[in-house]
1. Check which residues have an amide H placed less than 5 Å from V61's amide H, if you skip close sequence neighbours.
2. Positive end of the dipole of the range 1-136, charges at C-beta (+1 Lys, Arg; -1 Asp, Glu), about the Cα centre: which of N25, G89, G117 has its Cα farthest in that direction?
3. Expressed as a rounded percentage, what relative contact order does the range 1-61 have, with Cα pairs under 8 Å and six or more residues apart?
4. I'd like the distance between the alpha-carbon centres of the range 27-69 and the range 77-137, rounded to an integer number of Å.
Amino acid sequence: TGRTAVAVYVGDYHTCAILDDGSLNCWGYDSDGQLGDGGTNTDKNTPVLVSLGTGRTAVAVSAGHYHTCAILDNGSLTCWGRDSNGQLGDGGTNTNKNTPVPVSLGTGRTAVAVSVGDYHTCAILDDGSLTCWGPDSPGQLGDGGTTTNNTTPGSVSPAAAPTAVALAACPHPPCPITDNGF
């Protein structure tokens, strides 16, 4: 009551909004926990509050096919929803989560941008590096390595992203914009 939306993020089948107090609400399809409400994976036609942790607020969100990720006010990154191919980045067992789980970005690193694709996720970190995780069968993670799924963030090859300054939401490969204009 009395809140206004300051940003809206649309996934394939669900929508999330950051409100003027930094709280996050999501609604729509919830087959795999993508609403983050900790509930019973029941579709919602009205907004439900996402629990971001005590005292935490959302500063950015990206919603994908069946998962969602948010950057919090302290620069940490959290994801929830479908985790069939490691797209939550929690290093876990590819188990769907209906509440946010933290993503380990490395010692001292924070997220400044996040972009969720259909089944993978990428983030720009505070040092300008780009990291991605999830399925890599066609090589969309840009790590120059094997084409296996990554359940934790992995660095994108510097040749692919010298210093990332922005991310575009793309369904399959990450689409970084780098400091050299590519």
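Only the coordinates and a few stated rules stand behind these numbers; no lab work does. Here the structure is a predicted model, which means the values were calculated and not measured. Positions of Cβ are generated from backbone atoms using ideal geometry, with glycine treated the same way; all protein chains shown enter the neighbour counts.
1. It is I71, by chain and number.
2. Value: N25.
3. 28
4. One Cα centre to the other: 15 Å.
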